[in-house]
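The values are calculated or read from the model by the stated rules, or taken from the named source; none is laboratory data. Predicted model, so just to flag it, every value in this text is computed and none were measured. Cβ coordinates were reconstructed from backbone atoms using ideal geometry, including for glycine residues, and neighbour counts include every protein chain displayed.
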Amino acid sequence: MAHAGPLAATVAGKRASTVGRFAPSPTGPLHFGSLVAALGSFLSARAAGGRWLLRVEDVDQPRSVPGAADAILQALEHHGLGWDGPVLWQSQRTDAYQAALEQLRRAGWVYGCSCSRREIAAAARRGVAGAVYPGSCRQRARPWSGREALRLRSTSPGIRYRDAVQGDQLQELEAEVGDFVLRRADGLHTYQLAVVIDDAAQGMTEVVRGADLLGSTPRQILLQQRLGLPTPRYAHLPVAVDAAGQKLSKQSGAAPLRLHAPGRNLVAGLEFLGQGPPPELAREAVGTIIDWALTNWSPQQIPRVAALPVPAAGGGLADPGAA
């Protein structure tokens, strides 16, 4: 465990009893899989009497779609998922990410990498997150030029943690992932760095999100340890898939939710999370549905994997006319 640095000192005292969050990327409108993640994190925080924060993860600006963030915020409000405080935008947090990189550099954990993708692919083997970086640049004592990628040394005895839904987890980072990128050669900071800095800055005590990010968690825990930051509780919800077994995502063209049927969307989300809502609840007002969900919230009922695939077009939840 690293000694507490300036980032740790900054976030000290911010951790309330329960602070959760939803952190969508503005690459498209809200779909059913996104709603499940938002609903699960909202109910987990609110049922504990805690705060629920919203963060727009637009650190990768080239992938951001104009208008998508506003559409997501409107959809959340339409479904009764109100957040506390102002929205945090990653695109405005560059200085914080750069400060974290500098702290890691001073501690000797970060080095520059000039390897091309072709060179890495030729020398690497497959791991849990794709190609395992072979460490080609790890021993090259090169000054930072600003034109190379920056990688974190992943030397670690292994990251163990208990996920509230998925159970005990172990990942040998050096063997299974390798030294991973914190800043790309084009100067953009990566998701792994940004999410760790922002979770700490917002005083996050729990991270409830989709199980597609389960494999990223050990990298984030290692970064927390290297920066002297607290590690929140993790709960990875089952991933919504279509009839073909493909994860619902904006990248795969998952259709947007129908905003004129928020009650039906919420009840479908509660069913997916194993909460057993009565079918007639879908006819009630959004506020009534949220009240029922908070009163009856049972994290122990959340399945590790989806019991059933979401039917095509989100089980009638998606708007076929939406862009």
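The rows are residues; the columns are (1) in a loop (DSSP other than H, G, I, E, B); (2) in contact with a helix residue (DSSP H, G or I) (Cβ under 8 Å, 6 or more places away or on another chain); (3) modelled with pLDDT under 95.
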| site | (1), (2), (3) |
| --- | --- |
| LEU7 | no, yes, yes |
| ALA16 | yes, no, yes |
| PRO29 | yes, yes, yes |
| GLY33 | no, no, yes |
| ALA37 | no, no, no |
| SER44 | no, yes, no |
| LEU54 | no, yes, no |
| VAL59 | yes, yes, yes |
| PRO66 | yes, no, yes |
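Only residues that are loosely packed, with under 14 Cβ neighbours inside 10 Å and of a type in the set (Gly, Ala, Ser): list them for the range 65-121, please. Within the range 65-121, GLY67, GLY82, GLY85, GLY108, SER116, ALA121 meet the criteria. So in the range 18-27, with the set limited to residues that are under 19 Å from TRP89 (Cα atoms) and among the β-branched types (Val, Ile, Thr), which one is modelled with the lowest pLDDT? That would be THR27.
Look at the range 90-133 and say how many of its residues are of a type in the set (A, V, I, L, M) and modelled with pLDDT under 80. Here the count works out to 8.
When you check LEU88 against the structure, is it closer than 22 Å to GLN61 by Cα and in contact (Cβ under 8 Å) with a residue 40 or more places away in the chain, yes or no? Yes. Can you work out which of the residues in the range 171-230 that are at pLDDT below 95 and of a type in the set (Asp, Glu) is surrounded by the most Cβ atoms within 10 Å (Cβ to Cβ)? Looking at the filtered set, the residue picked out is ASP179.
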